[in-house]
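Nothing in this text is a laboratory measurement; each read-out follows from the coordinates by a stated rule. As the structure is a computational prediction, the values presented were derived from the model and not from experiment. When we count neighbours, we look across all protein chains shown, and the Cβ atoms used for this are built from the backbone with ideal geometry, even at glycine.
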């Protein structure tokens with residue numbers, strides 16, 4: 001079985017320190033393997049918050065806001 005290579009703290013900072021990843025869920029990068037590309041689609045206001053503001057965003061903040069806006073789908077139970 002092939003195993004992934006461990007990344008140094010400097011390499012992790014290069015990935016997690018990008019403006020484009022602000023507000024994503026904690027450990028989001030663990031779901032990305034190999035040469036995968038992550039495409040993030042955001043409403044205009046959240047895109048501007050992530051890309052153009054200097055406001056400090058907590059890990060998962062943007063994800064939670066999107067989840068809040070979508071509400072609870074019909075027939076779906078809380079987890």
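With coordinates expressed along the principal axes, the C-alpha atoms belonging to the chain extend over 42, 36, 19 Å, beginning with the largest. Between helix 61-70 and the chain, what is the angle of the helix's C-alpha long axis to the longest principal axis, kept within 0 to 90° and rounded to the nearest 10? On a 0 to 90 degree scale, this one is about 40.
Among 34, 17, 60, the largest mean-square fluctuation in a Gaussian network model of the chain, built with springs joining Cα atoms closer than 10 Å, belongs to 34.
For residue 56 and residue 20, the FRET efficiency from 1/(1 + (r/R0)^6), where r spans their Cβ atoms and R0 equals 22 Å, is about 0.85.
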